[in-house]
Amino acid sequence: MGMIPALSIRQPWAWLIVHGHKDIENRDWNTTFRGNVLVHAGLTMTRAYYDQITEELGNAGMLPASGLPAYEELQRGGLVGWTRIVDCVEHSPSKWKQEGTFGFVLRDSRPIPFVPYKGRLQFFNVPKHALEARSDDKR
């Protein structure tokens, strides 16, 4: 049975990544991993956190033109898309890079239909069959 690496990312960051807006994922740990990973949207996101992030991104001019989906519409606790990690950097010209973090450089991000799945810390493996129920969607 094949396994696929995944990374759990809190909303609304997961949405911003899989919809092509955010090209860096900031972490306090380095990685040598390169390749495709499933993006898992973490279960935790309070309305206060959502409101705070929306305000901060708005003030920084970093919200997408369409804005973020409503708090209730952001899917949590499952697989929401794909991205490809091409590098891990300590410095980047990207507006998404935070000082003092390791930035996973992301490319070719895209959403998939939501698949409920329990997340884990760091990278974790998802069995391929967890996605096969959705394999008829070839976007």
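Scanning the stretch 80-108 for residues that are touching a Leu at 6+ places or on another chain (Cβ under 9 Å), under 16 Å from residue 26 (Cα atoms) and part of a strand (DSSP E or B) gives 83, 84, 85, 86, 104. Pairing residues of the stretch 24-51 that are within 14 Å of residue 119 (Cβ to Cβ) with residues that are among the charged types (D, E, K, R) and open to solvent by 20 Å² or more (accessible area, probe 1.4 Å), at Cβ distances under 7 Å and at least 6 apart in sequence or on separate chains, gives 41/76; 42/10; 42/76; 43/76; 44/10; 45/10; 45/76. Scanning the stretch 33-66 for residues that are open to solvent by 90 Å² or more (accessible area, probe 1.4 Å) and touching a His at 6+ places or on another chain (Cβ under 7 Å) yields nothing.
Can you say whether residue 69 is part of a strand (DSSP E or B) and either more than 18 Å from residue 13 (Cα to Cα) or open to solvent by 20 Å² or more (accessible area, probe 1.4 Å) (or both), as far as the supplied structure shows? So residue 69 fails the test.
Yes/no per residue for (1) open to solvent by less than 60 Å² (accessible area, probe 1.4 Å); (2) of a type in the set (Gly, Ala, Ser):
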{"position": "77", "(1), (2)": "yes, yes"}
{"position": "88", "(1), (2)": "yes, no"}
{"position": "92", "(1), (2)": "yes, yes"}
{"position": "97", "(1), (2)": "yes, no"}
{"position": "100", "(1), (2)": "no, yes"}
{"position": "105", "(1), (2)": "yes, no"}
{"position": "113", "(1), (2)": "yes, no"}
{"position": "127", "(1), (2)": "yes, no"}
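When the stretch 7-22 is limited to residues that are among the aliphatic types (A, V, I, L, M) and touching a strand residue (DSSP E or B) at 6+ places or on another chain (Cβ under 7 Å), the one that is farthest from residue 56 (Cα to Cα) turns out to be 7.
The values are calculated or read from the model by the stated rules, or taken from the named source; none is laboratory data. Bear in mind the structure is a predicted one, so any value in this text is a computation, not a measurement. Virtual Cβ from ideal backbone geometry, glycine too; neighbours counted across all protein chains shown. Surface accessibility is based on the protein's heavy atoms, side chains included, excluding ligands, DNA and RNA. Shrake-Rupley method; radii C 1.70, N 1.55, O 1.52, S 1.80 Å.
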